[in-house]
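Working notes, structure below.
The values are calculated or read from the model by the stated rules, or taken from the named source; none is laboratory data. Since we're looking at a predicted model, the values are computed, not measured. Glycine also receives a Cβ, built like all others from the backbone with ideal geometry; neighbour counts cover every protein chain displayed. All accessible areas refer to the heavy atoms of the entire protein, side chains included, with ligands and DNA or RNA removed. Shrake-Rupley method; radii C 1.70, N 1.55, O 1.52, S 1.80 Å.
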Amino acid sequence: MKNHRINYFKKLVLFCICIGIVPVITLGYFSYAKSSALLLEKANRSNAEMVEQARLRFEQKLKMVDNTQTQFISSSAVNMAMDKKLDSDNYLLYEELIQSIYRLQTYEFGLSEVYLANLNQDWILDSAGRRTFAQHSLSGSFMEYAAVRKASFWTTLKSPLFEESNPLKWNMVLVKKIPINSIRPLGLLVAVLPSVELNKMVPQRSEPGDFYVLDDKQQVIAAGNPEQVGLNLSNDPFTVRIEQDNLEANQFQLDIHNEPYSITYRKSNYNDWIYVTKVHIEDITKESRAIGWVTVAICLGLLALILVLSLQGSRKLYLPIRKLYDIVLKSPEMPNLSAKSDELYWIERRMKVLLGNEAHMTQQLRDFFVHKLLQGAVSVSEISDRIHSRELDTWRQLRVVCLRIDTLEGSKYTEMDKDLLLFAINNMVGELAPARMRLNPVVINEFQVTILGSNTDLPDESKAETYALARNIQEAVRDFLKLPISIGISCLFTDPIDAPRAFQEAKEALAYGIRLGDESILFLEDMYDQSIPDYMTFPQQIVRELTDHIKLLNEKNAFHLLDEFMMVVTARNISHQEFQLYLLRLLSDLLRLYQDLGGNLQDIAPNEKSVINELFMLKSAKEIVVWFQSSMIKPIIVFIEKRRDIQYTRISDMVMDIIHREYSTALSLEICGIRLNYHPEYVGRVFRKETGFAFGDYLSRYRLHIAKQFLVETNMTVTEISEKLMYNKPQNFIRYFRKLEGVTPGQFRESFHAKNKEISS
């Protein structure tokens, strides 16, 4: 006996330890895994933001250089020089070009040199003066640039003037052909930007890792380590992977020389450069390893605590088992104990003997009989035999009462508890309903069912008694279990053989509770009187207004109309089948609206049959309204909003493109509306929403921008500019220019030229 107790005690201790160890180890593992994942995600996000910021910083500077060079080659002096030898006869032109080259280098772009080359006249002009191609050390490079079939491009230049170790050895050059956008140029403009200047824009990292800027040939043109400038990384594993990805930006992990690295890159749409960070995974997860050790320490402490608690708790849990076992030993009905069986085995055997008494079996048989009776599996002869044996009372009137839990929402229970709750309610019904007026209460699927009997001849009296009992049951369940229940009651019947039909009637009565709400007590004869039909047409006008408000994205009014629809269909005396048909028609109209708007029904209703079943499983009008709101109306409104935003962006972009191309013509909203096939007021409203400017304001401001370019880049008079920009009178142009710029057009031009002369001097 002692061995048995010790054996079971060990099992109990081991069980307690196991149920404590598994959650602790699982929690520790997932805590460490989650922290590592979060740190890695944070590092990757930081690297992606750093790469994007570096790209924007580099491209801003490169585009500023590009714009200044474009302005220079667009000047009349450069175009005039393409036909000149720049000899002594063209001294003034030579001086003007030299001064312009000086000015290009004085901007804060970091340019080390600017070369203007004339391919036909055989001269190269830079800050050192004029030389022929034969005299210039970079003439070979210039001829290669001329052969490239691009009007403007960035490329690498290895300066012959410096040693290999000199950081100025590597340069990036911007090559522009003259005239602009010419494949076969008359001349070239070459702006030299040293890689030293690019390295100044490389972000200073506080975390470990390497940063590279690669050109289109995977050659390093800027790096966190300046000594790496000039290296060709085209054969490195991570550059090969970037080329294979063929993506604009990405993050991935890659083993390089058997070491894991995290690679983050972003390709430039401007010049095909690639901005890359390479970080060792161990550097990223260094903090997570420290977290891992802390987690291990905490878990070990918890495991020690679990061990102590398991020992103490097992002793207390084992005490009642030992007492029961001692009682079993004293029973004369028990045989000699076997060493192969523990205490619970013999306790279980004794309990089965105690539970196998005649009263318990009789109760089970009665429950089984009620199940068979409600399912129509009892014959007339069996009912007659039970009546003769007085196992079944001879009531004059019978009813089937069917009870259902309305909802578990707001309670402390879950769906897992539903079966237990039904059995608890079944026991409460057995206590509240007198045994003389009922058969054994049973649970069938999701219902608690009771067959009630009465010996009165008055239907109203029987109905009043049934209602009072149903009300008591409802209040008891609400008080003790804190649950709302609805009760459906069948019509009267006299023959027990009709119990299956009455069971169906009770469930049908419950179905009407959808319109009446929770905690209803429903007699089927009160729900629908065939002698007084109530004709009702489908509220199509409400549904039409509902769909209109959905199209207008008016969620509040759509919800209000849905409530109105439910009030109309629940207020009329119609059958439950008609009520379900109206819900189906509403569902069909909403799905058809979504399809007509261009939506895919598979997105909102992957399985139409399951959607209908889901709708019919709802138990109250409130649940139906919430279901239509969340599953139909809101998704359709979100879909319309997304489609509208895409349409708005496309319209505003097309209007701006028309303005940028045709600013010198008589533009108006009406013209744009005709071209885009939209009403002018709609185009104006969309343009204002997307850009923040009215159409006329944006057009005037863009024309002002063009006017300033004409003032500083051409010799056009103010009158000519105003006419070109579609102003009726020059005074109107001057007045608008002064309003926004604070000076007249002439004063603006004089101020610009005065600044240029100060810079030249």
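Summary table
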read-out: Filter result for the condition that a residue is open to solvent by less than 90 Å² (accessible area, probe 1.4 Å), of a type outside the set (V, I, T), in contact (Cβ under 8 Å) with a residue 24 or more places away in the chain and within 30 Å of A290 (Cα to Cα), over A54, A81, A37, A43; value: A43
read-out: Considering residues of the range 115-151 that are of a type in the set (S, T, N, Q), touching a strand residue (DSSP E or B) at 6+ places or on another chain (Cβ under 9 Å) and open to solvent by 50 Å² or more (accessible area, probe 1.4 Å) only, the residue nearest to I178 (Cα to Cα); value: N120
read-out: Qualifying residue in the range 98-107 (condition: in contact with a Lys or Arg (Cβ under 8 Å, 6 or more places away or on another chain) and either modelled with pLDDT under 85 or buried (at least 18 other Cβ atoms within 10 Å of the Cβ) (or both)); value: no
read-out: Criterion (among the hydroxyl-bearing types (S, T, Y) and at pLDDT 85 or above) met by exactly one of Y318, Y275; value: Y275
read-out: Members of the range 232-244 that are buried (at least 17 other Cβ atoms within 10 Å of the Cβ) and within 19 Å of T155 (Cβ to Cβ); value: L233, T239
read-out: All positions within the range 443-459 that are touching a residue at least 12 places away in the same chain (Cβ under 8 Å), surrounded by fewer than 18 Cβ atoms within 10 Å (Cβ to Cβ) and over 19 Å from Q364 (Cα atoms); value: E446, N455, T456, D457, P459
read-out: Residues of the range 355-405 satisfying the condition of being at pLDDT 80 or above, open to solvent by 50 Å² or more (accessible area, probe 1.4 Å), part of a helix (DSSP H, G or I) and among the polar types (S, T, N, Q); value: S381
read-out: Residue match in the range 671-688 (condition: surrounded by 13 or more Cβ atoms within 10 Å (Cβ to Cβ) and among the polar types (S, T, N, Q)); value: no
read-out: Every residue from the range 710-746 that is open to solvent by less than 100 Å² (accessible area, probe 1.4 Å), over 23 Å from A666 (Cα atoms) and more than 53 Å from the chain's Cα centre (by Cα); value: G746
read-out: Of all residues making up the range 296-312, the number that are surrounded by 15 or more Cβ atoms within 10 Å (Cβ to Cβ) and either farther than 10 Å from G20 by Cβ or β-branched (V, I, T) (or both); value: 2
read-out: Extreme residue, farthest from R749 (Cα to Cα), among residues of the range 671-712 that are of a type in the set (K, R) and in contact with a Leu (Cβ under 9 Å, 6 or more places away or on another chain); value: R701
read-out: Qualifying residue in the range 709-723 (condition: assigned to a loop (DSSP other than H, G, I, E, B) and touching a Phe, Trp or Tyr at 6+ places or on another chain (Cβ under 9 Å)); value: yes
read-out: Total residues in the range 240-260, condition out of contact with any strand residue (DSSP E or B) (no Cβ under 7 Å at 6 or more places or on another chain) and not hydrophobic (A, V, I, L, M, F, W, C); value: 7
read-out: Enumeration of residues in the range 725-761 that are among the hydrophobic types (A, V, I, L, M, F, W, C) and within 27 Å of Y102 (Cβ to Cβ); value: F748, F752, A754, I759
read-out: Filtered residue count, the range 466-493, keeping only those that are assigned to a helix (DSSP H, G or I) and in contact (Cβ under 8 Å) with a residue 12 or more places away in the chain; value: 13
read-out: Residue list for the range 177-218, restricted to those being more than 21 Å from S46 (Cα to Cα) and open to solvent by 30 Å² or more (accessible area, probe 1.4 Å); value: P179, I180, N181, I183, R184, L186, V196, E197, D216, K217
read-out: Hits in the range 436-467 - residues which are polar (S, T, N, Q) and touching a helix residue (DSSP H, G or I) at 6+ places or on another chain (Cβ under 6 Å); value: N440, Q448, T450, S454, T456
read-out: Within the range 546-638, helices (runs of 4 or more DSSP H) holding 1 or more residues that are modelled with pLDDT of 80 or more and open to solvent by less than 10 Å² (accessible area, probe 1.4 Å); value: 555-571, 576-596, 621-628
read-out: Matching helices (runs of 4 or more DSSP H) fully within the range 55-161 where at least 2 residues are more than 15 Å from G187 (Cα to Cα); value: 91-106
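Yes/no matrix, rows are residues, columns are (1) at pLDDT below 85; (2) part of a helix (DSSP H, G or I); (3) under 12 Å from L725 (Cα atoms):
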{"residue": "I658", "(1), (2), (3)": "yes, yes, no"}
{"residue": "S664", "(1), (2), (3)": "yes, no, yes"}
{"residue": "K689", "(1), (2), (3)": "yes, yes, no"}
{"residue": "F693", "(1), (2), (3)": "yes, no, no"}
